[in-house]
Amino acid sequence: MDLEVKIRGLMMDPATNMPIVVLKDVRSDSVMPIWVGIFEFNAIFNEIDKSVAPRPMTHDLLRNIIRNLNAELHRVVITDIKENTFFAALCLTQNGEQVMIDARPSDAIALALRYDCPIYVNESVMHAARLNPTGPGEGVSGDQFRGWLEGLNDEDLGRYKM
């Protein structure tokens, strides 16, 4: 089963200084962090902030390609986690046919924002990420990090809160 999530906020990991997208289950208080690269973080932030670049950025280009190929993005799903790496899929329709395309979660999220389509997480991925949310950094136990993450408030998320 897939769980619908919303972006709860964007922040920097205090241990590693790596960007994090914090996803929250719309039907519960469950939250899930996904560590992303700085370029993907900026693509997500710029779309949330509605910043307009003078020329199409990569995710804008991909959205334009999808549209010009007469396809439509209906949803993105974070489908798996293996060795602290998340996997996602773009769920498209083209000429009445369902098409699934493998994607990095950060790219999938950036496209979902551009299409204003829902983001889902496979229930087993949400469970695994909540049980072992250590990300790329080490030195903090999963329980300590989960407690910190669940205790975040709007001030902690700063200007990136949703």
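Values in this text are rule-based calculations from the coordinates and carry no lab data. Here the structure is a predicted model, which is why all the values come from computation and not from measurement. Positions of Cβ are generated from backbone atoms using ideal geometry, with glycine treated the same way; all protein chains shown enter the neighbour counts.
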Zone of N95's modelled label, taken as backbone nitrogen in the range 53-87 under 13 Å from a point 7 Å along Cα→Cβ: 69-71
Based on the inverse mean of 1/r over its pairs of different Cα atoms, what is the Kirkwood hydrodynamic radius of the range 1-125, in Å? 14.9
So how far apart, in nm, are the two label points at M12 and N68 if each is 7 Å from Cα heading toward Cβ? 3.7
Which residues in the range 11-30 place their backbone N less than 15 Å from a point set 7 Å from the Cα of M1 along the Cα-to-Cβ direction? 25-30
Diffusion coefficient, µm² s⁻¹, Stokes-Einstein with Kirkwood Rh over alpha-carbon pairs of the range 67-128 at 25 °C and 0.890 mPa s: 206
